[in-house]
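Okay, so here's the structure we're looking at.
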Amino acid sequence: MIVITNPIPIANEISTIHSLFENGLELLHVRKPNFSVEDMITFITEIKSDLRKQLVLHSHHQLASVFGINRIHFSESERKKKDKLTLETYKTKGFHLSASVHSIEDFNALENIFEYAFLSPVFPSISKENYSSKINLFEAIKNRTDFKTKLIALGGIESKNIKQTLENGFDDVALLGTIWNQNNPIENFKSCQQIVHSF
């Protein structure tokens with residue numbers, strides 16, 4: 001199970017991040033679209049150094065090797081700007097790569113360079129108002145042809161719909177709004193984690 005940071009800074013964010021890791025979080029995607037390089041350096045510096053191997057950078061990828069981070073993520077637009085050789089060079093250097101897609105066709109067309117990809121929004125988003133898929137992604141993923149890349153559900157994921165999501169063909173889930181836009185982030189995380197682990 002993956003957690004994605006809130007796009008904008010929020011109160012007690014770093015202490016919540018540390019608590020999530022203490023409770024078994026595997027990977028934290030650092031997605032801060034408006035952060036400058038300096039903002040990102042400050043943010044990463046506040047996270048305990050032994051946890052940085054579990055961080056995934058969405059932007060300012062050049063900072064990864066500086067901080068001993070070996071995971072980087074590409075948004076759909078960033079991924080489309082990169083050629084296969086550039087992506088393969090990252091892999092050669094020991095980076096684990098992930099990507100975002102918004103259709104199963106795009107997922108099936110991914111190069112086998114990515115370990116996993118987010119497909120979103122599976123349910124109406126908790127963090128983005130009026131953001132939902134125009135098609136039923138559970139129906140759409142019946143057309144999945146790529147089984148080397150893990151398919152991760154994102155968008156509106158919370159404890160009440162994780163079972164349905166995993167039963168319908170997703171390999172794992174990513175949480176955003178259920179952690180940062182509701183009360184009791186750690187309790188929410190634990191209840192989601194329990195369901196994922198029961199699969």
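Please treat every number below as a calculation from the coordinates, not as lab data. Quick caveat, the model's predicted, so the values are computed rather than measured. All Cβ positions, even for glycine, are placed from backbone atoms using ideal geometry, and neighbour counts span all protein chains on display.
Quick look at the values:
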quantity: Percent RCO, i.e. relative contact order, over the stretch 15-113, from Cα pairs under 8 Å lying at least 6 residues apart; calculated: 21
quantity: Dipole moment magnitude, nearest 20 debye, the chain about Cα centre, only Lys, Arg, Asp, Glu C-beta charged; calculated: 280
quantity: Least to most buried among His73, His61 (fewest other Cβ within 10 Å first); calculated: His61, His73
quantity: Relative contact order of the chain, pairs being alpha-carbon contacts under 8 Å that are 6 or more residues apart, as %; calculated: 18
quantity: Of Asp106, Asp171, Asp50, the one that fluctuates the most in a GNM where the chain has Cα springs shorter than 10 Å; calculated: Asp50
quantity: Read-out Rg and Dmax of the Cα atoms in Å, derived from the coordinates shown; its label in (1) 17.6, 56; (2) 16.0, 47; (3) 16.2, 44; calculated: (3)
quantity: Straight-distance crosslink candidates among lysines, where the alpha carbon sits under 26 Å from Lys142 and sequence neighbours closer than 8 are dropped; calculated: Lys80, Lys134, Lys150, Lys160, Lys163
quantity: For Thr45, Thr92, Thr16, order by how many other beta-carbon atoms lie within 10 Å, fewest first; calculated: Thr92, Thr45, Thr16
quantity: Per-residue Cβ neighbour rank within 10 angstrom, fewest leading, Arg79, Arg52; calculated: Arg52, Arg79
